[in-house]
1. Can you tell which of Ala248, Ala198 is part of a loop (DSSP other than H, G, I, E, B) and buried (at least 22 other Cβ atoms within 10 Å of the Cβ)?
2. Which numbered condition trips up Cys61, out of (1) open to solvent by less than 60 Å² (accessible area, probe 1.4 Å); (2) farther than 30 Å from Gly140 by Cα; (3) of a type outside the set (D, E, K, R); (4) within 16 Å of the ligand (Cβ to nearest atom)?
3. Would you mind stating whether Val72 is within 16 Å of the ligand (Cβ to nearest atom), surrounded by fewer than 21 Cβ atoms within 10 Å (Cβ to Cβ) and aliphatic (A, V, I, L, M)?
4. Does His297 satisfy being at pLDDT 95 or above, under 30 Å from Pro13 (Cα atoms) and out of contact with any strand residue (DSSP E or B) (no Cβ under 9 Å at 6 or more places or on another chain)?
5. Residues of the range 35-58 being small (Gly, Ala, Ser) and more than 14 Å from the ligand (Cβ to nearest atom), which ones?
6. Let me spell it out: the conditions are (1) β-branched (Val, Ile, Thr); (2) in contact (Cβ under 8 Å) with a residue 24 or more places away in the chain; (3) assigned to a helix (DSSP H, G or I), and Ile18 meets all of them except one. Which number is the exception?
7. Before we move on, is Arg137 under 17 Å from Arg113 (Cα atoms), open to solvent by 10 Å² or more (accessible area, probe 1.4 Å), out of contact with any Phe, Trp or Tyr (no Cβ under 6 Å at 6 or more places or on another chain) and at pLDDT 95 or above?
Amino acid sequence: MQKPHVLQITSYPAWDQIALDATYTMHGLWQNPALSDIGPQIQAIATSGGAGVASEIIQACPNLKLIAIYGVGYDGIDLALCRARNIQITNTPDVLTGDCADLAIGMMLSLARQIPSADQHARSGAWQTASFPLQRRVWGARAGILGMGRIGQDVATRLAGFGMDIAYSARSEKALPYRFIPDATALASHADFLFVTAAATPDTRHIVNAATLKALGADGFLINISRAANVDESALLDALESRQIAGAALDVFDAEPHINPRFVPLQNVLLQPHHASATQQTRRAMGQLMRDNLAAHFAGQPLLTPVL
Ligand code: 8YV
């Protein structure tokens, strides 16, 4: 039997690639396949949350029926186009929730307690002549969570262990033991630590902007593990440079993997390479779920985790 043709947008760990190659004829986009030739053969696309799929690629594949995402975010895909073309989409929710929440907590602690600089202080010998400066206490502080989906809720559960006063914004109030503050700027005024965990949609674009940052204030920290589009990056850079906010910890950037050079000299920012879900265990589970969705599709079975 002929193996189905699958267009692959990004690279995967070897264990996934071996399994995909065994089952499908994979066409890596980075190998510059002539889409005008192979486009009509492509029945599915495998991509990642960050990479998505450009609409021109979808248009070049007239027989495309499924886009399987290795990741939870589907903001990089034109949903209206897929709906109109009857193309289904799957993602990998749940399996990555705990890792994303773990990194958010790690980023909060690293930023507030300046753990990377403290390491440098001990490592460099600077400790022999000077104590490390006093830092900001985390436990008991006020947290704001912008976006109370699975990841936001897992962040909240962890923050409760730090005795934090937790509030959140979401499209609607949820049956949760935290204060609901619908407006993002009002949430920022409440927060010492503002976590951005919302899925990126046209409605959330730059939901953290100059006004939100002003409300967060000189003692407030921003932690973004969602998508760069949720934050107005140039307003954030202005706020960090002028110390209008205390600091930011970021896992996502407008031009990632390129980082705006204005971030580099800032001491009040912690920079992370979009790796919230990047543990061995979670990436294995994400790869398995993506492949299970592909397999279900080609077997004519219900998809495990459909978005569309
Ligand atoms: C991954 C993500 O970085 O889940 C998402 O939407 O952005 C991340 O978990 C990505 O999908 C894997 O490369």
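1. Values: Ala248 fails: part of a loop (DSSP other than H, G, I, E, B).
The conditions single out Ala198.
2. (4)
3. Details: within 16 Å of the ligand (Cβ to nearest atom): yes; surrounded by fewer than 21 Cβ atoms within 10 Å (Cβ to Cβ): no; aliphatic (A, V, I, L, M): yes.
It is false that Val72 is within 16 Å of the ligand (Cβ to nearest atom), surrounded by fewer than 21 Cβ atoms within 10 Å (Cβ to Cβ) and aliphatic (A, V, I, L, M).
4. Details: at pLDDT 95 or above: yes; under 30 Å from Pro13 (Cα atoms): yes; out of contact with any strand residue (DSSP E or B) (no Cβ under 9 Å at 6 or more places or on another chain): no.
Taking the combined requirement at face value, the residue does not satisfy it.
5. Keep residues of the range 35-58 that are small (Gly, Ala, Ser), which gives 36, 39, 44, 46, 48-52, 54-55.
If the condition is that a residue be small (Gly, Ala, Ser) and more than 14 Å from the ligand (Cβ to nearest atom), then Ser36, Gly39, Ala44, Ala54, Ser55 are the ones that fit.
6. Here Ile18 clears every test but (2).
7. Values: under 17 Å from Arg113 (Cα atoms): yes; open to solvent by 10 Å² or more (accessible area, probe 1.4 Å): yes; out of contact with any Phe, Trp or Tyr (no Cβ under 6 Å at 6 or more places or on another chain): yes; at pLDDT 95 or above: yes.
Taking the combined requirement at face value, the residue satisfies it.
Yes/no per residue for (1) over 26 Å from the mean Cα position of the chain (by Cα); (2) without any contact (Cβ under 8 Å) to a residue 60 or more places away in the chain; (3) not in a loop (DSSP other than H, G, I, E, B):
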residue	(1), (2), (3)
Asp37	yes, yes, yes
Pro40	yes, yes, yes
Thr47	no, yes, yes
Val53	no, yes, no
Ile57	no, yes, yes
Ile67	no, yes, yes
Cys82	no, no, yes
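The values are calculated or read from the model by the stated rules, or taken from the named source; none is laboratory data. Keep in mind that what you see is a predicted model, and the values were worked out from it rather than measured. Virtual Cβ from ideal backbone geometry, glycine too; neighbours counted across all protein chains shown. Accessible surface areas use protein heavy atoms only, side chains included; no ligands, DNA or RNA. Shrake-Rupley method; radii C 1.70, N 1.55, O 1.52, S 1.80 Å.
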